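Trainee: Just passing along the structure, written as structure tokens.
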Amino acid sequence: EAAEKGGYEHFMLKEIHEQPKAVRDTTSPRIAKDGKSIVMDELKWDADYLNSFNKIYIVACGTAYHAGLVGKYYIEKLVRTPVEVDVASEFRYRDPIIDENTLFIVVSQSGETSDTLAAMKEAKRLGAKTLALTNVVGSSIAREADQVIYTWAGPEIAVASTKAYTTQIVLFFMLALYMAQIKKSQPAERLAELISQLQKIPAQISETLEDVNPIKTFAKQYGFNEDVFYIGRSLDYAVALEGSLKLKEISYIHAEAYAAGELKHGTLALIVEGVPVIALATQKSVYEKTLSNIKEVKARDAVVIGIAAEGDEELEKYVDHVIKVPETDELLIPILTVVPLQLLAYFAAITRGCDVDKPRNLAKSVTVE
Ligand code: G6P
């Protein structure tokens, strides 16, 4: 097993470090040689096909569901088709409104999650076209779907998903670009610019992995708190959900992610002196609003760790610590901001002496309902 871990202490840490390669393997075969368009040989969609859909569903469980939340944002922003995201175990039982004009996308690392598989079968029965985003070739979900696109993350062993999540996000990003390209819903220059930013992401993930010591220190400092809050707006909120799930899964710390604007509707009552709050502030259109939420928690003496993009000189004035990630288009930044959150969860689990790769009560793939 030590050999399989490639010199890392745990599979999770190895998989976190494999993200630059996983993202490169997932993106590069799908970018045209001139770097200006997306090629999806697996799909070969055309405008008529895409115009036949008036609604898209994204359904998944756990981390894959969180990737779906980012996927919704990409598709709605770039393609302007309405997208609904749901967890498979809810979707299945709510008599969903689906017909042949629905594109039904499932996301699953393993391709074996039974709720996700059952949700897809139900959608198919109701007439939807189904597309699977999965990491395992020939898995049940891959076989059952009308069409499949693969994340090329390689085997993921740790129960807590890391490289599968980042590759699911890049695959959603490319899918949205591909759809926008066909539907001409974005100018060609904008698409080319986004593709060029996408190609820089693997090296930028490597940069975020260069010095993990500050994160290790935060984990030691705050790893014994029983509650941690994550806040953000828009795409930052989606990443906050994933960051808090990571912490819960492997360190058993109670973690809650909140849409920053919702704080005052309940969670603010729990913010007292010394409570750690991880605040993501990378989205320009809601930056000022997020900042005022950060001031609200600071006023209650929370300890705030801000996550910002390089070049942001503002956030550090209002928080206790800042972690910065390289600058990129704000659509792509979730792929970078999630990395320090994965590491924070990892080091918190180590600090608490938890079994990182095999957390209690959890399984890598849930094939029972
Ligand atoms: C389990 C795993 C999670 C995963 C979820 C969905 O709960 O522990 O890490 O996100 O299942 O798995 P899937 O293979 O469908 O992505």
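Trainee: Jot down the per residue volume, in cubic angstrom and as a whole number, of the convex hull over the alpha-carbon atoms of segment 181-299.
Mentor: Once divided by residue count, the hull of segment 181-299 is 148 Å³.
Trainee: Please compute the Kirkwood hydrodynamic radius over segment 224-369, one decimal place, Å, based on all pairs of different Cα atoms.
Mentor: 15.5
Trainee: Tell me, in nm to one decimal, what length is gained between GLU9 and LEU126 on full extension, where the rule is 0.36 nm per residue of separation less the Cα-Cα distance?
Mentor: Roughly 37.4 nm would be gained on extension.
Trainee: Could you tell me what % of all Cα pairs in segment 1-44 have separations over 16 Å?
Mentor: Summing the P(r) tail past 16 Å for segment 1-44 gives 54 percent.
Trainee: Starting from the Cα gyration tensor of segment 17-112, multiply each eigenvalue by 5, take the square root, and state the resulting semi-axes largest first in whole Å.
Mentor: Largest first, segment 17-112 gives 25, 20, 11 Å.
Trainee: When the Kirkwood radius is taken over all Cα pairs of the chain, what Stokes-Einstein diffusion coefficient follows at 10 °C and 1.306 mPa s, in µm²/s? It would help to have the intermediate numbers written out before the result.
Mentor: Working: Rh = 20.8 Å.
Approximately 76 µm²/s, per Stokes-Einstein.
Trainee: Right, another one. Using the Karplus curve 6.51 cos²θ - 1.76 cosθ + 1.60 with θ = phi - 60°, what ³J(HN,Hα) values do you get for each residue of segment 204-215, in whole Hz, with x for Gly and Pro?
Mentor: Calculated HN-Hα couplings, in order: 6, 5, 4, 4, 5, 9, 5, 10, 8, 4, x, 5 Hz.
Trainee: Still on this structure, please answer the following. Once all Cα-Cα distances of segment 109-171 are split into 5 Å bins that start at 0, what whole-number percent is in each one?
Mentor: 3, 20, 27, 25, 16, 7, 2, 0
Trainee: Moving on to the next point. Provide MET174, MET12 in ascending order of the number of other Cβ atoms located within 10 Å of each residue's Cβ, fewest first.
Mentor: Least to most surrounded, the residues fall as MET174, MET12.
Trainee: Only counting other Cβ atoms within 10 Å, I'd like ARG300, ARG94 sorted with the fewest neighbours first.
Mentor: ARG94, ARG300
Trainee: Rounded to a whole number, what is D in µm²/s for segment 46-186 from Stokes-Einstein with the Kirkwood radius over alpha-carbon pairs (25 °C, 0.890 mPa s)? Please report the intermediate quantities before stating the final value.
Mentor: Details: Rh = 14.8 Å.
Taking Rh from Cα pairs, D becomes 166 µm²/s.
Trainee: Let me ask something else. Would you pull out the residues with amide H under 5 Å of ILE323's amide H, same chain only if 5 or more places away, H placed 1.01 Å from N?
Mentor: Correct list: GLY306, ILE307, ALA308.
Trainee: Work out from phi, with θ = phi - 60° and the Karplus expression 6.51 cos²θ - 1.76 cosθ + 1.60, the ³J(HN,Hα) of each residue of segment 148-165, listed in order in whole Hz, and give x for Gly and Pro.
Mentor: Ordered by residue, 3J(HN,Hα) equals 9, 10, 9, 7, 9, 7, x, x, 10, 9, 4, 4, 6, 7, 10, 5, 5, 4 Hz.
Trainee: Sort SER285, SER206, SER52, SER139 so the one with the fewest other Cβ atoms within 10 Å of its own Cβ comes first.
Mentor: The fewest-first ordering by Cβ neighbours comes to SER285, SER52, SER206, SER139.
Trainee: Report, in degrees rounded to the nearest 10, the 0 to 90 angle that the Cα long axis of helix 114-125 makes with the longest principal axis of the chain.
Mentor: Helix 114-125 sits at roughly 30 degrees to that axis.
Trainee: Further question: Quick check: Cα centre of segment 64-123 to Cα centre of segment 174-238, how many Å?
Mentor: Each part's Cα centre sits 21 Å from the other's.
Trainee: With N set to the residue count of segment 106-259, report its C-alpha Rg divided by 2.2 N^0.38 Å to two decimal places.
Mentor: Working: Rg = 18.3 Å, N = 154, 2.2 N^0.38 = 14.9 Å.
It is 1.23.
Trainee: To the nearest 500 deg cm²/dmol, what mean residue ellipticity at 222 nm is calculated for the chain from DSSP H runs of n ≥ 4 alone, each contributing -39,500 (n - 2.57), summed and divided by the residues?
Mentor: Only helices count here, giving -14000 deg cm²/dmol.
Trainee: If you take the Cα Rg of segment 127-208 and divide it by 2.2 N^0.38 Å, with N the number of residues, what do you get?
Mentor: After normalising by residue count via 2.2 N^0.38 Å, the value is 1.27.
Values quoted throughout were computed directly from the atomic coordinates according to the rules given, and no laboratory measurement underlies them. Computed from a predicted model, the values in this text were never measured in an experiment. Note that each Cβ is placed from the backbone with ideal geometry, even for glycine, and that neighbours are counted across all protein chains shown.
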